[in-house]
Amino acid sequence: MRIWPRSLTARILLAEVMAIAVVIVVLPLLTVSLLHRTMRDYQARDLTAQGRAIAAGLERSGGAVRVHLPPALAAAYAAAYDGRGFALLDAGGRVLPASAATIPADRVPRRTAPARFDLPPLTGVSLPVTSGHARLWVVVIQDQAEPGAILDDVVDAFLWRYLAFLVAVLALLPLVNSLLIQRLVRAVGRVSRRAATIGPDTLDLRLDERDLPAEVASLVHATNGLLARLGHSFASQREFIGNVAHELRTPLAALKIELDRVADADARAALHRSLDRVSHVVSQVRDLAGLETLEAGSRQAFDLCEVAREAIEDLAPEVYAVGDSIDLVAPDAPVVVTGEPTLARLALGNLLSNATRHTPPGTSVSVVITPDGAVSVTDTGPGIASEARPLVARRFWRADQRRSDTAGLGLSIVGRIMEVHGGAFEVSSAPSGGAQFRLRFPLAARA
């Protein structure tokens, strides 16, 4: 059973009610305790002062002890005002001079130091004094049933203490509220940081709704629903694209066989070029659909030099067929990076294919690998205008809008591959005036 409410407003109100309830229960107990303690302190001080005044008025004459009281005390003790009384006791407990009040002398402590005692309903003090060579005790008592003599002093002192306590309690309430709100803000911040980690590859993650107030939990719940719908939509889209690309491969292969039956060589060559373009676009669409399913757990360490050699070997026939040349410059030692080698080879293959397709025959293509995990593809073609460089990785963008032999997906696939790898895709001009594309892969951690 959940007792703590989800609502932020309800939590604050409940905290206030609980704090007030505690104050209502605890404050009277503390008040009574503080009042009684204050009264006892004042009574003890007042009775001790009276006892010292009585001791100062002791006089021994002819073996007898007499007490000379100040006029104010004499009047109070004569009438037993407010239940007050005094007595003078000797070592044997005998009562010498005394006031009109009755004092249980046999129960009064007679010690070598001043002593406070309680004999309900009486309270008092016993002060040792020396008269001549005799030890005497001045005993002053007051009836607790009639404490009016010191009530004004007690109330005055109590009010100041009570005010200080009340201010402390009231100041505690905003502190409790601030701590509660801070705790809730931390919970919201935790959810926000998790939301920042969700991307196209992590749509299966969900935001934690626990420990959130109802006002925020409803938004988080709706966001989780949105993520579920997006994930389903992305999965359906990838599945659809993959199925279409797969289904097109068979009829394209059959069509290629049928084209070989065309008698006219020029017409057959033109149709083959058109078919190659269609096959190339379908392959790019298939690669793009498969790229979205890459998981971070599939990454591994691989030699970038080896992947570059394999990509060049795959594209060499196409490069040489149009009269271009290609060379590889790589360090002697392996350049070990982290990622998915198949996708890295696909990215390099797209760059090499792009350099061949979009440059005039006879272009030189150079692949250079550096120990920092970077590989650059440079050509001696016409290059890319500086204002167009930020657009090269955009899907369906082509430098030459008049051309229809590509779909403008090759460089966008390269950019997406590098994004998945956590690397960088840079476009610049080569010293020869052509285009230069550089891929930067994260280096593998050394053992």
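The values are calculated or read from the model by the stated rules, or taken from the named source; none is laboratory data. These figures come from a predicted structure and were not determined experimentally. We place every Cβ from the backbone using ideal geometry, glycine too, and count neighbours over all the protein chains shown. In case anyone asks, the SASA skips ligands and DNA or RNA and just uses the protein heavy atoms, side chains included. Shrake-Rupley method; radii C 1.70, N 1.55, O 1.52, S 1.80 Å.
Kindly indicate the residue of segment 208-245 that is of a type in the set (D, E, K, R) and open to solvent by less than 70 Å² (accessible area, probe 1.4 Å) and also modelled with the lowest pLDDT among those meeting that condition. Per the stated criteria, the residue is Arg238. Screening Ile12 against (1) under 60 Å from the mean Cα position of the chain (by Cα); (2) open to solvent by less than 20 Å² (accessible area, probe 1.4 Å) leaves a single unmet condition, (2).
Residue-by-condition table, conditions (1) modelled with pLDDT of 75 or more; (2) more than 30 Å from Ile198 (Cα to Cα):
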position	(1), (2)
His280	no, yes
Arg286	no, no
Glu295	no, no
Ser298	no, no
Cys305	yes, yes
Glu313	yes, yes
Ala316	yes, yes
Ile326	yes, yes
Ala330	yes, yes
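Selection over segment 50-95 of residues that are among the polar types (S, T, N, Q) and part of a strand (DSSP E or B) gives a count of 1.
Of all residue pairs spaced 6 or more apart or on separate chains, those with beta-carbon atoms under 9 Å, a first member in segment 92-111 that is at positive phi and a second member that is at pLDDT 85 or above and surrounded by 11 or more Cβ atoms within 10 Å (Cβ to Cβ) are Gly93/Ala105; Gly93/Val108; Gly93/Arg110. Every test in (1) modelled with pLDDT under 50; (2) open to solvent by 30 Å² or more (accessible area, probe 1.4 Å) is passed by Pro431 save one, and that test is (1). Inside segment 246-273, residues that are at pLDDT 70 or above and exposed (fewer than 13 other Cβ atoms within 10 Å of the Cβ) make up a count of 14. Checking each residue in segment 335-369 for being in contact (Cβ under 8 Å) with a residue 12 or more places away in the chain, out of contact with any strand residue (DSSP E or B) (no Cβ under 9 Å at 6 or more places or on another chain) and either assigned to a strand (DSSP E or B) or not hydrophobic (A, V, I, L, M, F, W, C) (or both) picks out Arg345, Gly349, Asn350, Ser353, Arg357, Pro360, Pro361. Residue count for segment 113-134 under the criterion of being modelled with pLDDT of 90 or more and assigned to a loop (DSSP other than H, G, I, E, B): the result is 2.
Taking each residue of segment 300-318 that is touching a residue at least 40 places away in the same chain (Cβ under 8 Å) and looking for partners that are open to solvent by 70 Å² or more (accessible area, probe 1.4 Å) with beta-carbon atoms closer than 7 Å, six or more apart or interchain, yields Cys305/Pro334. Going through (1) out of contact with any strand residue (DSSP E or B) (no Cβ under 8 Å at 6 or more places or on another chain); (2) surrounded by 12 or more Cβ atoms within 10 Å (Cβ to Cβ); (3) more than 29 Å from Tyr162 (Cβ to Cβ) one by one, Ala79 falls short only on (2).
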